[in-house]
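Worksheet: the structure to be examined is printed underneath.
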Amino acid sequence: MTDKIEIKPGYTVGVLGCGTMGTAVLNAMLETKAKTEGSDKTSIIPGRFLAAVNSDASAKRLTDTYGDKVELFLQKNNDLVKQSDMIILGCKPFMLDKIVGDIPQDLFKGKVVVSLLAGKTIAQLEDYTGDHAVIARAMTNTPSKIGHGMTVVSFPQHGVTDSVRSSINWIFENTGRCLFLEEKHQDVATALCGSGPAFCYLFMEAMCDGAVRMGMPYPLAQECAAQVLKGAAEMVHQEGHPAVLRSKVCTPAGTTIGGLMVMEDNKVRSAVARSIEESTNIATALGKK
């Protein structure tokens, strides 16, 4: 079991595995830090950002995007871990052993590791780090890149100080919304939060197709559909249960109830719910491989 670890303002964040999720979180941190520089006196904010990459192409991509705001470590994962106070694992789950397995466990002493890996449990990550680090498991999504993400964070039962919680809270509150839940909810969070945007895109695409079928140009249909989903989501945040809001739109013998009946006839509700169920089961299976 690791000793109590504290995080101090100006700490160093290293992103190990700059996949889609890792890059989204890195982008959000950099943008938020730039906006709040000097004004946020209460949060524990990082001061230095590192990223490990495995190819010249990845290095060029990050340099073109972030310039000198991010220090790059080309095939030097050990050096990144040494110099980081907090390490964000942003690779694909199947790459965990390749990326972390060769890093000496002693290098994780005194570190905080935040995993974005679907299915990989806190216990598994503690084995990889020799139980030297504090492990936080987080599931976020790609809208985090633009500050509209949804993240669920879970901690182990031991070794988590207020400063660690505060620093992780700053990261994910600034990528959108953040909830702290028990680890047993992580696999369904992977389905709902991590995969959820893709399900929404499919639904949005279908709405656009219907509008195009009835004569609306695709760019206009896309603009309308995107704003409709954005507005509907905000209404739920502000006013409550989606079923209540849905019923308020259903005028007797009107257009909305007619369209909803077609969806019910085609089991859209069941298909969406089963999609979450299947994605959750896959996430659980990833942790058992």
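If R₀ is 22 angstrom, what is the calculated FRET efficiency for the pair F199 and Q238, using the beta carbon separation as r and rounding to 0.05?
Calculated value: 0.50.
Checking the table K92/K184; K8/K111; K4/K98; K184/K230; K98/K145; K145/K230 against a 23 Å threshold on Cα-Cα, which pairs fail?
Beyond 23 Å between Cα atoms: K4/K98; K184/K230; K98/K145.
Just by accessible area at a 1.4 angstrom probe, what is the order of E223, E183, E31 from largest to smallest?
E223, E31, E183
Pairs of alpha-carbon atoms within less than 8 angstrom and 6+ residues apart define the contacts here; what relative contact order does the chain have, in percent?
19 percent
Roughly how far apart, in whole Å, are the Cα centres of region 76-113 and region 1-72?
Computed from Cα coordinates, the inter-centre distance equals 14 Å.
What net charge is computed for the residues neighbouring A243, neighbours being all others with C-beta under 14 Å from the C-beta of A243, Lys and Arg scored +1, Asp and Glu -1?
+1
On a 0 to 90° scale, report how tilted helix 162-173 is relative to the longest principal axis of the chain, with both axes built from alpha carbons and the result rounded to the nearest 10.
It works out to around 40 degrees.
Counting only protein heavy atoms, what percent of the accessible surface of region 109-196 is carbon or sulfur at a 1.4 Å probe?
50 percent
Please find, in a Gaussian network model of the chain (springs between Cα atoms separated by less than 10 Å), the residue of T142, T63, T251 whose mean-square fluctuation is greatest.
For the chain, modelled as a Gaussian network with Cα springs under 10 Å, the answer is T251.
Two decimals, Cα atoms only, Kirkwood Rh: what is Rg/Rh over the chain?
Here the Rg-to-Rh quotient is 1.02.
Considering all projection directions equally, how large on average is the shadow of the alpha-carbon convex hull of region 189-287, in square nanometres?
With every direction weighted equally, the projected area is 7.6 nm².
Enumerate the calculated ³J(HN,Hα) couplings along region 92-101 in order (Karplus 6.51 cos²θ - 1.76 cosθ + 1.60, θ = phi - 60°), each rounded to whole Hz, writing x wherever the residue is Gly or Pro.
The phi angles translate into 6, x, 5, 8, 4, 5, 5, 8, 9, x Hz.
Express the accessible area of region 12-181 per residue in Å², computed with a 1.4 Å probe while the remaining protein chains stay in the model.
I get 42 Å² per residue for this part.
Per-residue HN-Hα couplings for region 178-190, Karplus 6.51 cos²θ - 1.76 cosθ + 1.60 at θ = phi - 60°, whole Hz, x for Gly and Pro?
Per residue, the Karplus-derived 3J(HN,Hα) values read 9, 10, 10, 10, 5, 4, 4, 8, 5, 5, 6, 5, 4 Hz.
The values are calculated or read from the model by the stated rules, or taken from the named source; none is laboratory data. Since this is a predicted model, take the numbers as computed values, not measurements. Note that each Cβ is placed from the backbone with ideal geometry, even for glycine, and that neighbours are counted across all protein chains shown. To get the accessible areas, we keep the full protein, side chains included, count just its heavy atoms, and leave off ligands, DNA and RNA. Shrake-Rupley method; radii C 1.70, N 1.55, O 1.52, S 1.80 Å.
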